[in-house]
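All remarks here apply to the structure that follows.
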Amino acid sequence: MRLLTIGAFARAARLTAKALRLYDELGLLAPAAVDPHSGYRYYAPAQLDRARLIAALRRAGMPLAEIRTVCGLAPEAAAEAVDGWWRRVSADTAARGRAVALLVDQLTERSTIMSETTFRYAVRCETGAVRDSNEDTAYASDALLAVADGMRGPGGAAASTAAVDALRPLELADAPAAELLGTLADAVAAAERTVRAHGTGEHRPVTTLTAVLRRGTQLALVHVGDTRAYLLRGGELSRLTQDHTYVQSQVDQGNLTPAEAAAHPQRALLSRALGAGAPVEADLALRTALAGDRYLLCSDGLSAVVAPETLRATLADAEDPETAAGRLVELAYAGGAPDNIACVVADVVTG
């Protein structure tokens, strides 16, 4: 059998001799023979496929421990293992990307100094075209924006109303801005206790809740479920919340694409909601109010029907919140309005 020197093999495999020595030490690619006197390594041409696979996986960023596992599999199983690894990497990268984007946004906001702000707002809560009841609740003031979507059926409307009502005492509370998140977390815990009191067992209602509480130039955001919060800033629309749904968890894990999730029959199945299962953990975030920002809070009766780019264009083109809210509701009805539509549009203005 003709053997190649380590230098010739490295050139053929597009690796370095140093890399080949490392792979030998790690048990990934042992030479076919080693000179007993000089210790010089020799490789068989048949080892080139394995060497090239290792090199390709290293360029893709796969850890050496996982490469060892992949190299021990048959081609079809190896392909499945590489695909599964990349799905996990993609989901983790997306999650880290969202965290970095939020951090950049927060650091940018901290560099901006502005005068006292307030909200100028509009509220719409409409019954869907094929619905005979409306379990959504929408509310706005110069200190609080909130949307809740109660479970369809008995108690759903009471649950969504109770969730929003539990936050309304915070409008008049004099807690300092530094305590906003803690204050809001306590209020959400109280809201969940109130929702749970509206029923028992299988008849216990549940509701989503997304709200923004303002103290001066500080905004505290709370979110549970699949109601959403968006921010239009400088003509760009950003989604501030992550849906707590089964399909979103599958997207995060790389098992579904966003397009597949949007058409999935279980897209409305919640993984978190007030009143469901164990005490819920709400998502909380602190933001800085900037004059010119426009916020949209809405139920999935709007976000599931109107495409993000249409949301952006509508919010950007409308002169005031009332006009924006009205056009968004019209778009939901134009799309069939299969669910109830609740939305709050609020502009940050200097007071």
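The values are calculated or read from the model by the stated rules, or taken from the named source; none is laboratory data. Source: prediction; values computed, not measured. Neighbour counts are summed over all protein chains in view; Cβ atoms, including those assigned to glycine, are modelled from backbone coordinates with ideal geometry.
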ask   = Mind checking which residues of the range 204-235 are under 19 Å from Tyr121 (Cα atoms), of a type in the set (Val, Ile, Thr) and assigned to a strand (DSSP E or B)?
value = Thr210, Val212, Val222
message = Of everything in the range 22-52, what is basic (Lys, Arg) and under 16 Å from Ile67 (Cα atoms)? Give them in sequence order.
response = Arg50, Arg52
task = Look at Ala51 and say whether it is closer than 14 Å to Gly27 by Cα and surrounded by 13 or more Cβ atoms within 10 Å (Cβ to Cβ).
result = yes
request  = Within the range 81-99, identify whether any single residue is loosely packed, with under 13 Cβ neighbours inside 10 Å, more than 26 Å from the chain's Cα centre (by Cα), at pLDDT below 90 and aliphatic (A, V, I, L, M), and answer yes or no.
outcome  = no
request  = Considering (1) within 28 Å of Pro205 (Cα to Cα); (2) surrounded by fewer than 20 Cβ atoms within 10 Å (Cβ to Cβ); (3) free of Cβ contacts under 8 Å to residues at least 60 places away in the same chain, say which one Ala285 fails and leave the rest.
outcome  = (3)
request  = List every residue pair whose Cβ atoms lie under 7 Å apart, where the two residues are 6 or more positions apart in sequence or sit on different chains, the first residue falls within the range 15-34 and is within 15 Å of Asp49 (Cβ to Cβ), and the second residue, located anywhere, is part of a loop (DSSP other than H, G, I, E, B) and modelled with pLDDT of 85 or more.
outcome  = Leu20/Leu29; Tyr23/Leu29; Ala32/Leu3; Ala32/Ala44
query = Taking interchain pairs and intrachain pairs at least six residues apart, which have beta carbon atoms under 6 angstrom, with the first residue in the range 80-96 and more than 16 Å from Arg58 (Cα to Cα) and the second in a helix (DSSP H, G or I)?
reply = Ala91/Asp252
inquiry  = Cβ-Cβ distance below 8 Å, separation of 6 or more or different chains: which pairs start in the range 227-238 with a residue that is under 14 Å from Ser303 (Cα atoms) and end on one that is part of a loop (DSSP other than H, G, I, E, B) and of a type in the set (Asp, Glu)?
reply    = Arg228/Asp243; Leu231/Asp293
query = Any idea which of (1) surrounded by fewer than 23 Cβ atoms within 10 Å (Cβ to Cβ); (2) more than 22 Å from Leu144 (Cβ to Cβ); (3) not small (Gly, Ala, Ser) is the one Asp339 doesn't satisfy?
reply = (1)
inquiry  = When the residues of the range 149-195 are narrowed to those that are closer than 11 Å to Leu274 by Cβ and not in a helix (DSSP H, G or I), which ends up modelled with the lowest pLDDT?
reply    = Met151
